[in-house]
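In what follows, a structure is listed as structure tokens, so that the remarks can point back to it.
Values quoted throughout were computed directly from the atomic coordinates according to the rules given, and no laboratory measurement underlies them. Bear in mind that the values here come from a model prediction, so they are computed numbers and not experimental data. As a convention, Cβ positions derive from the backbone with ideal geometry for all residues, glycine included, and neighbour counts pool all protein chains shown.
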């Protein structure tokens, strides 16, 4: 269960980037994206948390929701920003008759995705 109160996340409109309104990232270990637009705090938000490794290493892993149409770019920005060497998706490709088309390997457009300000 998730006991994070939406009021604890001080980013206007963050709900538009959550797959489920009751599953929110813990503010104490939340991954913050580098802002693509300094005047838009929403560009720093992704529903993702760092997880401590079994050896005690801080930020050993990241857990996040499956990307949605409006968060695919955020997902890939996080992968790039955090230098994630491996992506493991633990999900059904179809859930409640809804096809999960936005698995990481099903990008809407093949090829390179531009991310301003990265690299």
Discussion item. Taking the number of other C-beta atoms within 10 Å as the exposure measure, put 43, 55, 84 in order starting with the fewest.
Written reply: 55, 84, 43
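Using a 10 Å cut-off around each Cβ, can you sort 22, 44 from fewest to most neighbouring Cβ atoms?
Least to most surrounded, the residues fall as 22, 44.
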Worksheet item: In what sequence do 28, 42 fall when counting other Cβ within 10 Å, fewest first?
Response: 28, 42
